[in-house]
Amino acid sequence: MKPLFVVITLMLDGCAVEPTPMTKAASDWADYGQQRAEQGFLKQSESKLAKLDAQGYLNSELYLAYNNGYEQGREVYCSQSAYLLGVMGKPYRGICERLDPFFYQDYVSGKNSTAGSPF
């Protein structure tokens with residue numbers, strides 16, 4: 001039962017989606033992208049965001065703002081210690097491979113470490 005719970009939890013965690021901005025302000029879309037990246041989420045495609053945008057505000061200019069914000073957030077996220085991210089047991093969804101090819105390897109080392117264990 002426990003492995004099934006873990007799989008379901010990981011699936012739900014990977015699918016978590018914040019509501020898209022309810023404005024046509026490029027700065028709001030940039031902030032949205034930056035926040036998503038700083039939380040380690042994968043970049044959403046324009047078509048995926050359009051489906052999530054209930055108000056229909058998204059256009060190519062706003063997607064560009066989202067993309068620029070996402071890239072800024074990715075730099076912040078990927079500048080943290082991958083090892084400590086793994087030690088803390090936080091999820092990693094692979095957003096740093098382009099910026100740091102060793103990020104995942106360091107994350108796995110941290111995840112397999114006993115540094116965060118009481119034993």
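No lab work stands behind these numbers, since they all come straight from the coordinates. Just so it is clear, the structure is predicted and the values come from calculations on it, not from any experiment. Using ideal geometry, Cβ is built from the backbone for each residue, glycine included, and neighbour counts are taken over all protein chains shown.
What the table below lists for this structure:
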| item | result |
| --- | --- |
| Cα→Cβ-extended label distance, 7 Å offset, between Tyr57 and Lys90, nm | 2.7 |
| Label point at Gln72 placed 7 Å out along Cα→Cβ; residues across the stretch 25-44 whose backbone nitrogen lies under 16 Å | 25-39 |
| Pair Ser47, Ser81: separation of 7 Å Cα→Cβ label points (nm) | 4.2 |
| Sorted peptide list for 93-101, 73-81, criterion being average Cβ within 10 angstrom, highest first | 73-81, 93-101 |
| Rounded if a/c under 1.5, otherwise prolate or oblate - the stretch 47-97, Cα gyration tensor axes | prolate |
